[in-house]
Amino acid sequence: MTTGENSSRACEVCSGLSDSEYAYSKFGWPEHDTFLPDAAQNLVIVKDLRPLGSRKLQLRQCPACGAWFLYRTDYEYLTNGTEDEEFLTRLTEEEAAEYRNKPE
Ligand SMILES: [Zn+2]
């Protein structure tokens, strides 16, 4: 009876993403690397909040169900190899609107 309602949880693009995803890689230590799920690559970049920064901050949206995500990266220079981190966080409609309204 409720077919078609609340289907976002079963979205074919982003249902594999949890509310918060994290990946870590260290230069020269590929065996320790972790990666974001493939679905993260299928999200559409709606707004690049730091187009010139070396640390990324992007508002992304699922092309299938319209769910919002915040993607950001961070890194740290260490003498034995740079550490890179990626974060992907699911946003509520309200949180996403805040980022959309931010001036460039
Ligand atoms: Zn989706």
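Read-outs throughout are calculated quantities, based only on the coordinates presented, and are distinct from any laboratory measurement. The model shown is predicted, which means the values in this text are computed figures rather than measured ones. Reconstructed Cβ throughout: ideal geometry from the backbone, glycine too, with neighbour counts over all protein chains shown.
Charging the Cβ of each Asp and Glu at -1 and of each Lys and Arg at +1, and nothing else, the dipole of the chain about its Cα centre rounds to 320 debye. Under a GNM of the chain (C-alpha, springs under 10 Å), which listed residue has the highest mean-square fluctuation: 89, 73, 34? Result: 34 has the largest fluctuation of those listed. Straight-line reach from residue 102: taking Cα to Cα under 27 Å and skipping same-chain neighbours fewer than 8 places apart, the lysines in range are 47, 56. If you take all other residues with their beta carbon under 14 Å from the beta carbon of residue 30, and give Lys and Arg +1 and Asp and Glu -1, the sum is -3. Mean residue ellipticity, 222 nm, helices only, the chain: the sum of -39500 (n - 2.57) across DSSP H runs of n ≥ 4, divided by residue count and rounded to 500, is -2500 deg cm²/dmol.
Excluding residues fewer than 8 places away in the same chain, name every one of the aspartates and glutamates whose C-alpha is closer than 16 Å to that of residue 26. Straight-line reach from residue 26, under 16 Å: 74, 76, 83, 84, 85, 86. Counting Lys and Arg as +1 and Asp and Glu as -1 over every other residue whose Cβ lies under 13 Å from the Cβ of residue 83, the net charge comes to -4.
With one equal scatterer per alpha carbon and no solvent term, the Debye-computed log10 I(q)/I(0) for the stretch 5-100 at 0.20 1/Å reads -0.98.
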